[in-house]
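Working notes, beginning with the structure itself.
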Amino acid sequence: MRKSHKLATLLFLLLTLFGSTALGMGQQPVADADKKATDSATSPCPDNEVLRRSVQDLNVVVRGLRRRVAELEKDRLATTLQEQLEREEQRGETLQLHLYEISEKEQPLLARMEQINLQLRPEAMERTLAGVGSVHPEDLRDEVRKKLLSEKVRIQMQLELLRQDRARTQASQATTDAAIARLKQKLAEALRP
């Protein structure tokens with residue numbers, strides 16, 4: 001717009017300058033020259049039209065690029081959420097496996113604890129020591145009882161550690177399950193069109 005305005009002003013000055021010379025020579029009056037300058041100033045300049053179309057085209061391209069950036073951002077968010085969900089699911093599987101391993105460790109300990117409880121009964125002690133000859137059978141019974149009680153205490157401690165481990169693992173499993181549910185919800189929202 002400024003370029004056409006400057007051009008019109010320049011044309012007006014030239015016509016004014018040469019118009020006064022033209023009047024002296026019997027040519028067209030200055031008013032006709034002014035009219036031509038005004039017409040050229042108000043008529044659209046071809047450069048202006050080209051620039052306006054270029055701006056419109058660029059605006060269309062910018063809108064398209066913005067849409068594409070928004071789509072890419074949405075895809076990136078969905079990919080990030082999917083990766084987080086996969087990690088949480090793997091963690092959940094690992095915790096499930098750990099709970100299974102705890103159960104596997106508990107079974108033999110519980111079986112041995114039951115054996116010890118059976119062996120500590122007086123009639124079982126008598127059967128165990130029936131074939132062993134001793135001057136002091138009560139000392140031998142006390143020694144076997146101490147040994148069995150010591151093993152029982154050790155097994156109880158191991159079982160308690162396994163129970164604590166199970167409680168921690170179950171708490172972690174609950175947290176992981178909640179995170180998985182939350183991530184699935186976020187992913188569903190991110191994938192919604």
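Computed quantities for the displayed model
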| read-out | value |
| --- | --- |
| When the convex hull of its Cα atoms is projected in every direction, mean area for the stretch 66-193 (nm²) | 9.9 |
| Length released on extending from residue 189 to residue 45, taking residue separation times 0.36 nm less the Cα-Cα span | 46.7 nm |
| Sites residue 97 and residue 57 - FRET efficiency at Förster radius 41 Å, r taken between beta-carbons, to 0.05 | 0.10 |
| Calculated on alpha-carbon atoms, Rg and Dmax of the stretch 77-138 in Å | 25.2, 82 |
| Overall form of the stretch 136-193 per C-alpha gyration tensor (a/c, 1.5; a/b vs b/c) | prolate |
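All of the numbers you see were taken from the coordinates with simple rules; none came from a lab. Bear in mind that the values here come from a model prediction, so they are computed numbers and not experimental data. Note that we place each Cβ from the backbone using ideal geometry, even for glycine, and neighbour counts take in every protein chain shown.
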